[in-house]
Each structure stands twice: as C-alpha cells, then as structure tokens.
Amino acid sequence: MKSDISITRVKTLFKLDLKSRFGTTHKRGVKYRISQCMNALFFLAIYAVLILGMYYLAKIFVERSQMRLEFLTLISFATMIIAAVISTGTIVKNLYQNGDNEMLLRFPVSGKEILLAKSIYCFLHNIIVCFLLMFPIYVTFGAVTNAPAGDYFAYIGIILLSSLVTFAVGNILAVPAVKLINIFKNKFVVVLILTIIIVCGVFVAYLLALSHILTYLRDSRQGIFSADMIIRYKAFLNGAYPFKWYAELVSGRRLGTLNAGGLALRFLYIFLMTAALSVAAYFITSRAYYKTILYGIASGKSTVSRKVKDKQMPVVQTLLTKEFYLILRSFNYSFEYLAMACAAPIMVFFCNRLAATMGTDSVGAAIMPGITIMVIIIFITVTVSFASTCISREGNCFYMTKVMPVSFKVQILTKFILYSVVATISVLLTCLVTGIFYTTDAGDKALSAVDMAAIWGISEILVISLTSLSMAVDIKWPTFNVSGDGELVSANKNVAIMLVVGFFFAIAFGAVVMVTNFIPLQVGDTLLSSQGNLGNIYLILTAVSLILLAGSLSALFVKLDKRYNKIMW
Amino acid sequence: MLKVEHLTKIYPKSDRVAVNDISFELRPGEIFGFLGQNGAGKSTTIKCLTGILPFDSGTIEICGYDIVKDPIKAKMNMGYVPDNHSVYEKLTGREYVNFVADLYNVPTELRRERIKRFAELFKLEAAMDRQIAGYSHGMKQKICIMAALIHEPKLWVLDEPMMGLDPQSTAEIIAHMREHCAKGNTVFFSSHNLDLVKKLCHRVAIVNNGQLVDLFDLAGNEANKANLEEKFFRITGTYERRLFEDYASQESEDMRPDLPSHEGDASESGDKPSEE
C-alpha cells in the first residue's frame, strides 16, 4: 500500500513546531538571561525540596515499615497517574487546541503528517516529564536500599516503558477530554464552581497528607503509618495491578519475590498491555484527530449567547458589570481571582491548622495569633495581586478607557471597589471560619475574641492597602502583552512585585505578633505586651496598616489623571 | 466643531516629531478626509484629538470644549471608531453597545430605537446576543461603528473605517455618514482610498512626515477633485510620472489580463487540474 506520509514534510513540520516554541530572532539581553537563570534556580530549588521529601518518604517505607516492593508499587502508581494526566493535557493542548491547526491545514500537508509531527513532540515531551518525575524517586529508592549499579539501568528501562503506557493513555483520554472541554467551554459559572471545588480538594488533600506525615514523624504509633494502616496499604498495593508488575520488574529479583520465569512473565504482561493500549491509542487518535480539529476550527468561534434588555444603567454600575463579566468569562482570570477568593477561607483554615500543629508542638500555643495573621496576609496577597494587572488586562481595548467620557478617577475607583469588595468578603469569611474554630473548644481556644477581631481588622486594612498599591503599580508600569483572545499572555512583573511586598508584610506582622507573645515587650515602665495580652501590639500594627493604607491610597489617587494620561497605548 | 491649533506630538524616547504644528478647523455638516501615507502622522493626530494620547503643545477643541481642560464634555460630543476595531470580546454585541450607551447616558427608549435601527442597517440582528469573540472581522468593525454612533455624536471620528468591510456595509456606512452630516454633525475620517475621499469629502487635508502640507476643498471644486491623486503623490514624495500615469490609467481602464485562448478539446487541457 502506498503511504501518503512524507517523512521530509513531517520533519519540516516538527522543526517548525520546535522553532515556534523555542526559537527566537531577537538577541536576548543580560536582563533576560538573568531572569532565565533565576527561573531555573527557582525550579531547581523546588525540585530539590521535592526530592528531599521523597527521600524521607522512602526512608519511612523502606527502613521503618519494611515495605520495599509496596513503595515501588506506590511510586509506579503515583508517577504514572501524574504522567498520564500531564500527557493528556499536553496532547489536548498541542494536538487538538493549538491555534496553528487552521494555518497548517492550508499548507499542502496531510492531516496525518500534522498528527505525526505533533505526536513526536508530545511523545518526547512525555519522555522528559517521565524522567523528571520518576528518575529522582527511583534513584532515591536505590540509594536508600543500597541497590547495585545494574538496578539503576533497570530504572531507566522501566521509565521508558512507563512513558509508552502513559503516552498511549494520554492519547486515549485526550479525545473525550476535548469533547468535555467543548461542552463546558461557555459555562462559566459551572467551570468556576468546579475550579473552586478542585482547588480546595487538591489543597486540602495535600495538607491532610502532609499533616499525617508530620504526625507519623512525631509518633509512629499514630497517623498514616500506624500498624493498622500499614496492613491496609499492603493489601491495597499487593493488588495494585498493573503498577505492581513495574515494581516487580525493577526489583523483584533483588527483593526475592520473583524468579527469572516470573520476571519474564511480568515483562510479557507489560509488553502486551503497552501494545494493546498503543494500538487502541493509534486507532482512536487517527480516527478522531482530523474530525476533532476540523470540529474545533468550525466551532472555535462558537461562543456564549445571552439575551439582555436594552436598559440604561448608572455609569459606575455599568463599569462594574463590564469588569465582572470580563473576569468571569475568562477561565484564567476567574481562576486567578474569583476561585482564589472563594477558596481562600478553606485554604487558610487548613493551612493555619497545619502550621498551628507544627508551631504549637515545637514552641507552644502562644504562636497561634502570629501564625494566623501571617497565613491570612499571605492568602490576601495572592488574591489581591490580581489587581496588579488591572490596566494591563485592558489590552487592545485600553483606548476605550481614554475615549470614554468618564473621568479616570471614576474608572479606577470602580475597579478598586470591585477588587476590594471581593477580597474584603473573602477575608471576612476567612476570619469567621478561623475564628469560630479557634475561639471555641474545637480549636482548644487557641485564639481569643480580641485576637480574632484585631486580626480581622488589620487584614481588612491590608486588603484595601495592597489592592490600591497593586493598581498604582500597574498604572505606573502596564504591559499590554495580550494573546489572540485578548487575555494577558502571562503574569507580568507587577504581580511579582506585589507578591514580594505582600509576603514581606505577612512575615513582618506574623513575626512581630509571634515574638511579642513569647517575650514581654516593655518601653520604659509601660508593659506593651505579655503572653495572651497583645492589645497594644495589635494597636501598633493597626497604626502601621493605616499608614500603609494612607500611603497606598495616595499612590493610587493623587495626581491620577496626570499619571493615567501618560500611559502609552 | 473641531478646532486643532499648533498640535505637536513627540513620542517619549524618540527624536522624531510625530505631529508637527498641525492646525485645522472642521465646520458643522462637513465630511473631512485626512490623508497621508503610513506613518505620516494621521493616527497619532486622531489619537491626540480623541484623548488617547497626551500631546506636547497646541490645543484641541471639540464643540468648544478643550480636550485637556474639559475632557469629559469634549468626549461626550465625539464618537470614535479605531482602525483595529478592538472591543471587549467577552461581552455580547448587545452588552457592549449598551455598555457604551450607558457611558454616554443614552436613555432607554432612545437606545432601544437606535440599537434596533443600527442592527437592521448593519445586518447584525442575529448576532447581537452572541459574544463578540465569535464575530468576523467585518462584524467587529460594524459593532464598533454602532457603539460610536449610539449617542449620535456631533463629531464622528473614524480611523480607516472601510477596511475589511463588505461592499454592502461600506455603502451603508457612506450613506450613514452623509445622513449624519445632513443633521449638522461632522465626520472626520482617515483613509487610503483616494477614490472614496474624492467622492465623499467636502474638504481634505494631506499630512506628510507629521506636517499638514495641504488642505483644500473638494466640494464644488472640480479641479481639486481631478487632481487629488496627483497632489497626493506629489505631496507624499512618491510622484513619479510613469507610476502616476500607470495609476491613473488603472483607475480608468480594465486591468484584468486576457484569458489564454483554449482551442481544441477543453477536457484535455483546460479543465484538468495540474498534476504538479
């Protein structure tokens, strides 16, 4: 049968894909290189912390609990699921949603060639992800169990085998995922609610797991590594096929659970499963790809329909409504702002509980007010930093703000009201949830009503201060770097600036409250603070917050017209 | 209606004077064309007079209101259609037009009548309740024009308004420009379409390298009308006799090349697609 795929064209398309992603015609300056290096260092630091965490987990499984094979099964289980999810996301994004599909179809290339070129990229991406994800964990396992050199080669082999399966699974899952995305594409409220549930769920699960690990480290009789729990893990992981096959293939012989025949059998199982999944992936993708991208191109312009009445609204109300819709109808913006603001009370509560457990155990209950104020300000900062793109987000429509017969003060005030109100309600709920728990027996009365009222007051002042400061920063340095759909390409430097400022206040305020609750502070004959009596400290922090509020409001509103006029578009 | 005096604009971090001492005045009821090559200073002038860009010196008055000293009242009397037809694409067409109508305090009854009339005029009835993100290039341009006209501005400013529009819509906009001016309002627009300017405008200004080089009547002045192209080519420094004659002849004659004659069996040669 004559093949209609030209390898030369596939190579050209693949090169084009790589160039469009990583190529540049600009000569990058020193600033750019420094920022790239800083990003790489940040990535490495996070990666190192994760590996360190894995090392301790491996030690717990291998040395304390003697669950070597179970640990390997768990590694396969967790990493392969994560890799499959990432692979599905990459395939959806590159194969089905990439805007270049429409352009490529105009060239004299077939759909199969486009599919093949993009699949090569996705496959290589998947291999790299699998290596980054699995290799350090396997190496950690090898180091903890004193594995011979040969095992390390086996780890590489098993990672390659795992990458084949996860790629095939990604291809199979991508088609229904695209269909689901198309169904929910214009259901903004549903997407927002789902996002809030997922954000809260993932965050709470993560913190609960972390809390259990800490509990175990303190007392091995309790928590998720108690004798009772270990029996349950063993039962689960011993039946966790096909992940157990991978674990046995890696170290079955060394751990004495498998002979040579058993090893060959496990390899055969994995080979057959990989082959079956790959064939299924091939048939599903080759049949669905062309139809799906054509549907995507045809329905790419399908958008929300909504009937409204032609009715006059006051200027401030119409500006507020417009701003709210622009946030709600963008997945990125509603996630960054509305989802974070809605999820904050739950996230703060759990984060605070974990920090309180750690802090109380190590230094005592007196640390609670300090930790609470620090955690709340950190989350305020994350939510409020969205305001630092208030002008940049106007993008190509910025001219509208200059042309409309509404003063710049009113326009900025409207945005300020929207951001402040949402963040203020979020902080109120956060303080209510935290206060109800910690001022009652449920939270061992770790906080007094005075503590909670003061923390709430200071937090609300900081919400307003950080919001106005964020907006002032964006008026000073807006970047109208928007993508085709009019959304900001990525978070700009203003967000980074505001995160640094907010975290500084979080740490400073938290540290002051923590320290003064342990060490009495005396000025002359006046005792400013003692344990459980932080009234004066709260007053000082309130005064500092009010000064910050006055400064940031001035930075935003004084000579606003002149500064706004200077913004070039 | 619009009075620009000694307008000068220099972009920050640039040595070049983008707009250099430009002065002109627009009368009520006229359509004024603003011509110039790309980069001549047309869009910068328009951005200054709409309040988008601050300027270094000079004054701009719209209906007697200074754009710097009294910007709200000045802007209240103006409607602007940008060249890139950028609009809030997350909104529906109706939401966007209502949003703009609110900004200009257009009462409910009046906007209902105008939205209905414009939607019919621009054939946008079916699309009004859909998100603008799904609109075509021409539909976005039409929604921009609808929004700019929703408050019936005394001064209607358009930057390259006909780009990307279908012939029907172009004709509708031209008709609407004339209707708008007939009510005593003024239209100021920039264009590269000399033929359209010649037929539509009462007066025209030609800018080159940031300077207003010529301003002359077209209405009632047949000589100016006849020489508009030559004047434009001469002022913008692109005049070359041979090229101009080519341009002039292209304007008056058919330019399509002759089709190759297909003698013999059409099925053997002409109708078959190329194998290459």
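Computed from the coordinates by the stated procedures, all read-outs in this text should not be read as laboratory data. Treat the numbers as computed from the prediction; the structure is a model and nothing was measured. Reconstructed Cβ throughout: ideal geometry from the backbone, glycine too, with neighbour counts over all protein chains shown.
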Return the long-range amide H neighbours of A:S448 (sequence gap of 5 or more, or a different chain), with a cut-off of under 5 Å between placed amide H atoms. none
Using amide H atoms built in the peptide plane, which far-off residues or other-chain residues are under 5 Å from B:V213 H to H? B:I206, B:V207, B:N208
With springs only between Cα atoms under 10 Å apart, run a GNM on chain B and tell me which of B:S43, B:S261, B:S86 wobbles the most. B:S261
Which of B:P260, B:P161, B:P82 ends up with the largest GNM mean-square fluctuation for chain B, with Cα atoms connected below 10 Å? B:P260
From the phi angles alone, apply the Karplus equation (6.51, -1.76, 1.60; θ = phi - 60°) to the stretch B:181-190 and give each ³J(HN,Hα) in whole Hz, x where the residue is Gly or Pro. 6, 4, 7, x, 8, 10, 10, 10, 9, 9
If Lys and Arg each add +1 and Asp and Glu each add -1, what is the summed charge of the other residues whose beta carbon sits under 14 Å from the beta carbon of A:K11? +2
With the Cα gyration tensor of the stretch B:138-235 giving a ≥ b ≥ c as the square roots of its eigenvalues, does the rule (a/c under 1.5 for rounded; else a/b larger than b/c for prolate; else oblate) give rounded, prolate or oblate? prolate
For chain A, what is the mean residue ellipticity at 222 nm derived from helices alone (per DSSP H run of n ≥ 4: -39500 (n - 2.57); sum divided by total residues; nearest 500 deg cm²/dmol)? -25500 deg cm²/dmol
Once phi is turned into ³J(HN,Hα) by the Karplus curve 6.51 cos²θ - 1.76 cosθ + 1.60 with θ = phi - 60°, what whole-Hz value does each residue of the stretch A:181-190 show in order, with x for glycine and proline? 4, 5, 5, 8, 3, 9, 9, 5, 5, 4
Mean 1/r over all different Cα pairs, inverted: what Kirkwood radius does the stretch A:315-566 give, in Å? 19.1 Å
DSSP beta bridges in the protein assembly as shown, what fraction antiparallel, as a percent rounded to 5? 60 percent
Anyone know which of B:Y104, B:Y96, B:Y88 comes out most mobile in the 10 Å Cα GNM of chain B? B:Y88
Once the Cα gyration tensor of the protein assembly as shown is diagonalised, what are the square roots of 5 times its eigenvalues, in whole Å and ordered largest first, as equivalent ellipsoid semi-axes? 59, 42, 22
Residues whose built amide H sits under 5 Å from the amide H of B:L218, excluding neighbours closer than 5 in sequence, are B:R203, B:V204
Neighbours of B:N224 by Cβ distance under 12 Å: Lys/Arg at +1, Asp/Glu at -1, summed charge -1
What is the pair-distance distribution P(r) of the stretch A:104-199, computed from all Cα-Cα distances in 5 Å bins starting at 0, with each bin given as a whole percent? 2, 11, 13, 13, 13, 13, 13, 10, 6, 4, 2, 0
Return A:T79, B:T59 ranked ascending by Cβ neighbour count within 10 Å, so the fewest neighbours appear first. B:T59, A:T79
Based on Cβ point charges of +1 for Lys and Arg and -1 for Asp and Glu, what charge dipole magnitude is obtained for chain B about its Cα centre, in debye rounded to the nearest 20? 1640 debye
Among all stretches of chain B without exposed trypsin sites (Lys or Arg not before Pro) (DSSP loop, at most 16 other Cβ atoms within 10 Å), which one is longest? B:184-276
Farthest positive-ward along the protein assembly as shown dipole, Cα basis, beta-carbon charges - from B:M139, A:G252, A:F203: A:G252
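Only Lys, Arg, Asp and Glu count, each charged at its Cβ (+1, +1, -1, -1), so figure out the dipole size of chain A about its Cα centre, rounded to 20 debye.
On the way: 49 positive and 25 negative charges, 446 e Å.
The calculated dipole for chain A is roughly 2140 debye.
Counting other beta carbons within 10 Å of each Cβ, put A:T321, B:T92, A:T357 in order, fewest first.
Lowest to highest Cβ neighbour count: A:T357, A:T321, B:T92.
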Ascending count of other beta-carbon atoms within 10 Å, so fewest first, for A:L447, A:L16, A:L462, B:L149: A:L16, B:L149, A:L447, A:L462
Quick one: 3J(HN,Hα) in Hz for the stretch B:157-169, Karplus 6.51/-1.76/1.60 with θ = phi - 60°, rounded, Gly and Pro as x. 10, 10, 9, 6, x, 8, 5, x, 9, 6, x, 4, 5
Rounded to the nearest whole number, the Stokes-Einstein translational diffusion coefficient of the stretch A:33-299 at 25 °C and 0.890 mPa s (Kirkwood radius, C-alpha pairs) in µm²/s is 117 µm²/s
How much net charge surrounds A:N494 when only other residues with a Cβ under 10 Å from its Cβ are counted (Lys, Arg +1; Asp, Glu -1)? +1
What residue among A:A423, A:L556, A:M498 has its Cα farthest toward the positive end of the dipole of the stretch A:315-566, where the charges are +1 on Lys, Arg and -1 on Asp, Glu, each on the Cβ? A:L556
Whole-number D in µm²/s for the stretch B:29-159 (Stokes-Einstein; Kirkwood sum over Cα pairs; 4 °C, 1.567 mPa s): 82 µm²/s
